[in-house]
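Each remark here refers to the structure printed beneath this line.
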Amino acid sequence: MKPAVKRLLFFTGLIVFWGLGSQFELWHETILPSPFSVWDALVAGFADMTLVYDLVASFRRLLIGLAVSLLIGTALGILLARSKTADDTIGSMVLALQSVPSIIWLPLAMMWFGLGEGAIIFVVILGGTFVMTLNVRTGIKNVNPLYIKAARTMGSGGIDLFWKVIIPASVPYLVTGARLAWAFAWRALMAGELLSAGPGLGYTLRYASDFGNMALVIGVMIIIGVVGAVVDQLIFQRIEKNVLKRWGLES
Amino acid sequence: MFIEIQHINKIYTDKDNNANTVLKDINLEIPKGQFVSILGPSGCGKSTLLSMIAGLTSASSGGIVVDGKNVQKPGKDRGMVFQEAALFPWMSVTENVVFPLRKDMNNKQAAERARHFLQMVQLSNYAGHYPHELSGGMQQRVSIARTLAMDPAVLLMDEPFGALDEQTRSRLHGQLEKIWIDTQKTIVFVTHSISESIKLSDRIVVMGTRPGTVIADIEVDIPRPRDEHKQQVAALEERIMGLLKGEIDKVINEELAYEARS
Ligand SMILES: Nc1ncnc2c1ncn2[C@@H]1O[C@H](COP(=O)(O)OP(=O)(O)OP(=O)(O)O)[C@@H](O)[C@H]1O
Ligand SMILES: [Mg+2]
């Protein structure tokens, strides 16, 4: 059986179980609403456009934050890989920063940027930057020395060697870095939105919960999960696979 | 002389500050156009010596002169073919061959030149392919084409066929011999295969190990193609085998002594 078929059967089974459980009142509707109520909530949300606005607002923050974090992460990663002093000092700070969830910066960010967009985007940027930094650094440091030797015997050196050989050779790490940065940024975004003003998926999730609309809560959770999985599997894993193949790192 | 290797010493110090003399007082003179093999047991410093000629490794003392210039750093006058093909996986075959040319000529000329040298190694059909789509032997041929395309005065080859199967290797021997006859390049060819060195070269420099020194310098005056002179080849093989026997015993005895101590 193909993995896709297995997956389809699994999720169908899960929803059927959920539906039957609700039908026979194994659990109460207020604790876990039935799939039908969740579906109705989602349809209503999309019909009156609130969920559409939420998606647009969330993606806008995500794209800005992710783009900035990839830029800073790449620049910082190059710096750490090239300068021993920077690696010994800034590098250890990056490692420390990477080990904490970026949402803990939110209170501070709200002081600096107010309650609006700025604070959330700041948290998203912090979420993505450090994984990217560490991957870029590792990628550059792990370039096969044979490529560098070969390039040097072919008259390449300095900046030419860096941009034409070292950076392309570390592309597999850059792609992995970008994928992880997206994952961290997405989590940071949701956490940030839960704690701030709307619109946004996270904000609607909290709003629905405050008003006891459990069907919408679950509906939004499903959207968040689906977006995460789709972007990861359809975009990033696909690029990563192609790159690994081309770079000869996978048979 | 075209290549002059003068009093080369190379000493590596390990982390406990023990000095390890890898090459000791190597002196060689190689005339233009000669095909010379450097033959020796594993670890005798063949690769080290070759990468010194390439300018990738510096000597502890002594100097190397190629075509009247002191070797300080790598340069396009000395092309190197490594044991692994060292092609850039993100570039197509043509782009790989163009890599050393791109600064010296326009794109069209470079592409034309790449095509010519890919033809020489019989890979014109694979110009648009990527390295991972090629077999090991094909990759090594691209790497030879890439090196030849930049028209170096010296071709340095470090066990270029070591990782290939017997048939492919033998075919590439034929191609290399032909390329050498056509282009009249000076070739320094590192190998640990006695038969490979006899088949290809004008001259065989036999190295001993610990420390690496030249123990014999043999002119090979067997007419080409050498496959047709099996007796002379066998006699020379015997002679070199005798020279190396002592060296290999030396390595084994050292290993045994080391094991006995630890
Ligand atoms: N960067 C290095 N640091 C320390 N020792 C080294 C280094 N490179 C080589 N050596 C030592 O120098 C010696 C010679 O190495 P080299 O690679 O030149 O041998 P070789 O003759 O090419 O052997 P092989 O046939 O196995 O390729 C070895 O004993 C090796 O341990
Ligand atoms: Mg070697």
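The values are calculated or read from the model by the stated rules, or taken from the named source; none is laboratory data. Note that the coordinates shown come from a computational prediction; the quantities given were computed from them, not determined experimentally. Here Cβ is always computed from backbone atoms with ideal geometry, including for glycine, and neighbour counts include all displayed protein chains. We work out accessible area using only protein heavy atoms, side chains counted, and drop any ligands, DNA or RNA first. Shrake-Rupley method; radii C 1.70, N 1.55, O 1.52, S 1.80 Å.
When the residues of region B:1-18 are narrowed to those that are within 11 Å of ligand 1 (Cβ to nearest atom) and more than 13 Å from B:Ser61 (Cβ to Cβ), which ends up most open to solvent (accessible area, probe 1.4 Å)? Out of the qualifying residues, it is B:Lys15. Region A:121-237 holds helices (runs of 4 or more DSSP H) entirely within its bounds, and those carrying 3 or more residues that are touching a helix residue (DSSP H, G or I) at 6+ places or on another chain (Cβ under 8 Å) map to A:145-153, A:171-194, A:201-210, A:214-230. Condition check: under 23 Å from B:Val220 (Cβ atoms) and either within 14 Å of chain A (Cβ to nearest Cβ) or surrounded by 14 or more Cβ atoms within 10 Å (Cβ to Cβ) (or both). Does B:Leu50 satisfy that? Against the criterion (under 23 Å from B:Val220 (Cβ atoms) and either within 14 Å of chain A (Cβ to nearest Cβ) or surrounded by 14 or more Cβ atoms within 10 Å (Cβ to Cβ) (or both)), B:Leu50 qualifies. Exactly one residue among B:Ala54, B:Ala19 is modelled with pLDDT under 85 and among the hydrophobic types (A, V, I, L, M, F, W, C), and that residue is B:Ala19.
Checking region A:125-147 against the condition returns a match, with at least one residue being polar (S, T, N, Q), within 13 Å of another protein chain (Cβ to nearest Cβ) and farther than 16 Å from A:Leu79 by Cβ.
Here B:Pro31 clears all of (1) at pLDDT 90 or above; (2) in contact with a Leu (Cβ under 7 Å, 6 or more places away or on another chain) except the condition numbered (2). Does region B:83-90 contain any residue that is at pLDDT 90 or above and within 15 Å of the chain's Cα centre (by Cα)? Within region B:83-90, one or more residues are at pLDDT 90 or above and within 15 Å of the chain's Cα centre (by Cα).
The set of residues from region A:214-228 being closer than 19 Å to A:Trp39 by Cβ, surrounded by fewer than 19 Cβ atoms within 10 Å (Cβ to Cβ) and not β-branched (Val, Ile, Thr) comprises A:Met214, A:Met221, A:Gly225. For region B:57-82, the tally of residues that are more than 16 Å from ligand 2 (Cβ to nearest atom), part of a loop (DSSP other than H, G, I, E, B) and within 19 Å of B:Phe161 (Cα to Cα) stands at 0.
I'm trying to understand the selection: among the residues of region B:43-56, which are part of a loop (DSSP other than H, G, I, E, B) and within 12 Å of ligand 2 (Cβ to nearest atom)?
Correct list: B:Gly43, B:Cys44, B:Gly45.
Restricting attention to region B:152-191, which residues are among the polar types (S, T, N, Q) and within 16 Å of ligand 1 (Cβ to nearest atom)? Once the filter is applied, which keeps residues that are among the polar types (S, T, N, Q) and within 16 Å of ligand 1 (Cβ to nearest atom), region B:152-191 yields only B:Thr191. Determine if region B:12-20 includes at least one residue that is within 16 Å of ligand 2 (Cβ to nearest atom) and over 19 Å from the mean Cα position of the chain (by Cα). Yes, because at least one residue in region B:12-20 is within 16 Å of ligand 2 (Cβ to nearest atom) and over 19 Å from the mean Cα position of the chain (by Cα).
Residues checked against (1) touching a residue at least 40 places away in the same chain (Cβ under 8 Å); (2) more than 16 Å from ligand 1 (Cβ to nearest atom); (3) not in a strand (DSSP E or B):
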| position | (1), (2), (3) |
| --- | --- |
| B:Lys24 | yes, no, no |
| B:Lys32 | yes, yes, yes |
| B:Ile38 | yes, no, no |
| B:Pro41 | yes, no, yes |
| B:Glu95 | no, yes, yes |
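Being within 17 Å of B:Met1 (Cα to Cα) and more than 14 Å from chain A (Cβ to nearest Cβ) is the filter here, so list the residues in region B:53-63 that pass it. B:Gly62, B:Gly63 - these are the residues of region B:53-63 that are within 17 Å of B:Met1 (Cα to Cα) and more than 14 Å from chain A (Cβ to nearest Cβ).
The residues on offer are B:Ala85, B:Ala163, and the sole one that is within 16 Å of ligand 2 (Cβ to nearest atom) and open to solvent by 50 Å² or more (accessible area, probe 1.4 Å) is B:Ala163. Every condition in (1) away from ligand 2 (no atom under 16 Å from the Cβ); (2) within 14 Å of chain A (Cβ to nearest Cβ) is met by B:Thr183 except one, and the failing one is (2). Scanning region B:64-94 for residues that are more than 10 Å from chain A (Cβ to nearest Cβ) and of a type outside the set (Ser, Thr, Tyr) turns up B:Ile64, B:Val65, B:Val66, B:Asp67, B:Gly68, B:Lys69, B:Asn70, B:Val71, B:Gln72, B:Val93. In a residue-by-residue description of region A:17-32, the property of being crowded, with 18+ Cβ neighbours inside 10 Å, of a type in the set (A, V, I, L, M) and in contact (Cβ under 8 Å) with a residue 24 or more places away in the chain applies to no position.
Residue by residue through region B:188-216, note down the ones that are in contact with a His (Cβ under 8 Å, 6 or more places away or on another chain) and open to solvent by less than 20 Å² (accessible area, probe 1.4 Å).
Residues satisfying the conditions are B:Glu196, B:Leu200.
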